[in-house]
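What follows is a single structure, written as structure tokens, with notes after it.
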There are 2 protein chains.
Amino acid sequence: MTPTMHDVARVAGVSIKTVSNVINDFPHVRPSTRMRVLSAIEELGYRPNLSARGLRSGRTGVIGLAVPELRQNYFAELADAIIRAAEKHDLGVLVEQTSGDREREIAAVTGAGRLRLTDGLLFSPERLGQDDRDLIQPKFPFVLLGERIFGGPTDHVTMHNVSSAQAATEHLLEIGRRRIAIIGAHPDQREEIRSADLRVRGYKRALGAAGIPVDPQLIRVAAPWHRENGAEAMRDLIASGVAFDGLFALNDTLALGALRALGDAGVRVPDDVAVIGFDDIDEARYSIPSLSSVDPGRQEIAETAVELLVERINEKDGEAIPPLLVKSEFRIVARESTGSTGSS
Amino acid sequence: MTPTMHDVARVAGVSIKTVSNVINDFPHVRPSTRMRVLSAIEELGYRPNLSARGLRSGRTGVIGLAVPELRQNYFAELADAIIRAAEKHDLGVLVEQTSGDREREIAAVTGAGRLRLTDGLLFSPERLGQDDRDLIQPKFPFVLLGERIFGGPTDHVTMHNVSSAQAATEHLLEIGRRRIAIIGAHPDQREEIRSADLRVRGYKRALGAAGIPVDPQLIRVAAPWHRENGAEAMRDLIASGVAFDGLFALNDTLALGALRALGDAGVRVPDDVAVIGFDDIDEARYSIPSLSSVDPGRQEIAETAVELLVERINEKDGEAIPPLLVKSEFRIVARESTGSTGSS
DNA sequence: CGCTAAATATACAACGTTATAAATGCTCTC
DNA sequence: GAGAGCATTTATAACGTTGTATATTTAGCG
């Protein structure tokens, strides 16, 4: 039914290997022969069978991307960026959702699941944490994303959590805020390295540098980082009667929920409370008021991650390059919620 | 390096076909043999090579999903739902972004691109329209999504655009609004069947049934359906001085933009203007005020689409079932923007 | 011209799985 | 306890591509 190389070879009057050579841009093919083959391909509407190619060459041209859920804005935007980046390398992306399920995250790392069809995996965990570091011993090209696990044996692309959180806090300090609350800290103090703790550390560092004491009452727990939890944490904070004039929400989704709760309570933003989030999702530009945020360099993360993965895929067995840790550049985006009138 | 069926067969002391039989749950395998094979698989950490399976069986276990962009909330949620639905059928999903590019949409339909590795394609066009119907002659299992093209030769899953838009408009009428504006109509009147026109038709039908004349000044163009365009259309409408007390935005993104512009202009929602959107994206629940919307049955669309595709994939050549058109059930979700205080 | 070397094309064997058909083993029946 | 008939297992041939080794053609040079 669908034509194969044999059909093309027959029509063009050459051997099937010559067809293969033309398709793979091998050097020594006479222009006239190439022509003949190409027009036969055209005529028959031939397309290579990628399964066969994959079997023979050991490459499928597809990489896997394992994320919690696409309905979370941040991951949708990440997936978008990664698909674009993969495209430049002529790679397809098979998206797997782990739904924040521990077992499924483990399955993804161990290469169970569907991912046997892929040349490598980009993995962004949501449940696995630093304690699970030793689970990450993938037997295939692998790049870790996010900030839940550090020091593993694989390449890792992440952001400057501490310094960008510090910069966000400083942004609030610069506009004169002194009682800066934070929403999104993690309840479980045992667990260490994860975005929440890193960002809280940056917050404390900024306060410390400004000579402002840390008030534990201003550090509010919220997990997971969904809108409702941001709203709830803010309602609690307001109800507690603790005074504050600034808010650093550990991600934009929390910030949007908090914005909602502030609005409900009649608190004016940024007049009474200035707010900054983290992630710079599209939505931040359009909320009321528009939300200041930290752009963690998502595009750069995506491109770097794909490039690293491609390198690992192409790596010869011998030349084991040690695992790389790459951090992308961040940038503070000031909008209305911290008193900026610009329309970025 | 990675073990193959031969290795498993050797360890288990059976033939390779028996291993295959165990893996594929073939009926006639003695329990004791099955045990032996399974433990050999376990011991070696064997995983089937999907390329080889794909080559031999003609199935890859992967379907393609072509959407404009995941960063558009609606498509992220659609992709999320589709990946979940595909999982139930043990299928992976390769996501391709067409970026609203005509050529890329055509490439997707004609099966160019990476999609040769897939068993079938779910396609949600953004540029191709009714005029391009004849381009859709896919030579592989295919299900069309959305409402840009009708009457094609393939299965098609879509929503009740007219009646749900009518219901949305009626919802505004029921709370006493009489001057109902609409945002998101398409500028080009030549092109016919597409969400915008269908939804405008439902709007007109509702007004007609209520004996209210259609005021063309209340029908505002906006395209594409992004937040900025919703905001801009609303600013124009306000600036025009035309009186209105209700707004039906043709999707939630437009509505959120409009909400923003209304807020900026000091118009109270829902007191001065009641607003309803369309799509019921997650975000609608958390805007200020929360946004009433039409839930078009996204989950149902996703599940139906995958099921239809699976049926087409399994279809024997002879039994050509005629193309099916399926419309999912919708539901009006009333929130604050139309005066509802419930917290749905 | 004739010889060598390079350029070009070929035949055939993989890759790891599943399908086919045939072989073997087992359980009945009479 | 022999043959029928089914359950179980196997050997072997595909699937469509690319790599290797080899054959053939063309070009270069003295």
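The values are calculated or read from the model by the stated rules, or taken from the named source; none is laboratory data. Just so you know, these numbers come straight off a predicted model, no measurement behind them. Don't worry about glycine lacking a Cβ; one is built from the backbone with ideal geometry, like all the others, and counts go over all protein chains shown.
Some values worked out for this structure:
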| read-out | value |
| --- | --- |
| Number of the exception - residue A:105 against (1) within 14 Å of chain B (Cβ to nearest Cβ); (2) more than 16 Å from DNA strand C (Cβ to nearest atom) | (1) |
| Test: residue B:328 is out of contact with any strand residue (DSSP E or B) (no Cβ under 7 Å at 6 or more places or on another chain) and polar (S, T, N, Q) | no |
| Positions within region B:37-46 being buried (at least 17 other Cβ atoms within 10 Å of the Cβ) and away from DNA strand D (no atom under 11 Å from the Cβ), in sequence order | B:40, B:41, B:46 |
| Condition check for residue A:174: within 19 Å of residue A:333 (Cβ to Cβ), at pLDDT 95 or above and loosely packed, with under 15 Cβ neighbours inside 10 Å | yes |
| Filtered residues of region A:11-36 (kept if more than 14 Å from every other protein chain (Cβ to nearest Cβ), more than 9 Å from DNA strand C (Cβ to nearest atom) and crowded, with 16+ Cβ neighbours inside 10 Å) | A:11 |
| From the options A:131, A:119, residue that is in a helix (DSSP H, G or I), in contact (Cβ under 8 Å) with a residue 60 or more places away in the chain and not assigned by TED's automatic domain parsing to the domain that holds residue A:250 | A:131 |
| Considering residues of region B:47-67 that are of a type in the set (Gly, Ala, Ser) and under 20 Å from residue A:110 (Cα atoms) only, the residue farthest from DNA strand D (Cβ to nearest atom) | B:61 |
| Given (1) assigned to a loop (DSSP other than H, G, I, E, B); (2) of a type outside the set (D, E, K, R); (3) without any contact (Cβ under 8 Å) to a residue 12 or more places away in the chain, number of the condition residue A:107 does not satisfy | (1) |
| Set A:55, A:65: member being within 12 Å of another protein chain (Cβ to nearest Cβ), away from DNA strand C (no atom under 16 Å from the Cβ) and either free of Cβ contacts under 8 Å to residues at least 60 places away in the same chain or in contact with a Gly (Cβ under 6 Å, 6 or more places away or on another chain) (or both) | A:65 |
| Scan of region A:275-300 for residues that are outside any loop (DSSP other than H, G, I, E, B) and crowded, with 24+ Cβ neighbours inside 10 Å, ordered by number | A:275, A:276, A:283, A:284, A:292, A:293, A:294 |
| Condition met for residue B:242 (farther than 24 Å from residue B:126 by Cβ and modelled with pLDDT of 95 or more) | yes |
| Residue B:49 vs. criteria more than 9 Å from every other protein chain (Cβ to nearest Cβ) and within 11 Å of DNA strand C (Cβ to nearest atom) | no |
| Counted residues, region A:285-315 - those being under 23 Å from residue B:258 (Cα atoms) and within 11 Å of chain B (Cβ to nearest Cβ) | 6 |
| Test for residue B:261: is it within 12 Å of chain A (Cβ to nearest Cβ), without any contact (Cβ under 8 Å) to a residue 40 or more places away in the chain and farther than 26 Å from residue A:229 by Cα | yes |
| Test: residue in region B:77-87 that is outside any helix (DSSP H, G or I) and either more than 16 Å from DNA strand D (Cβ to nearest atom) or small (Gly, Ala, Ser) (or both) | no |
| Among residues of region A:230-243, those that are touching a helix residue (DSSP H, G or I) at 6+ places or on another chain (Cβ under 6 Å) and either of a type in the set (Gly, Ala, Ser) or closer than 15 Å to residue A:337 by Cα (or both), counted | 2 |
| Qualifying residue in region B:138-145 (condition: out of contact with any Gly (no Cβ under 9 Å at 6 or more places or on another chain), surrounded by 19 or more Cβ atoms within 10 Å (Cβ to Cβ) and under 22 Å from residue A:83 (Cα atoms)) | yes |
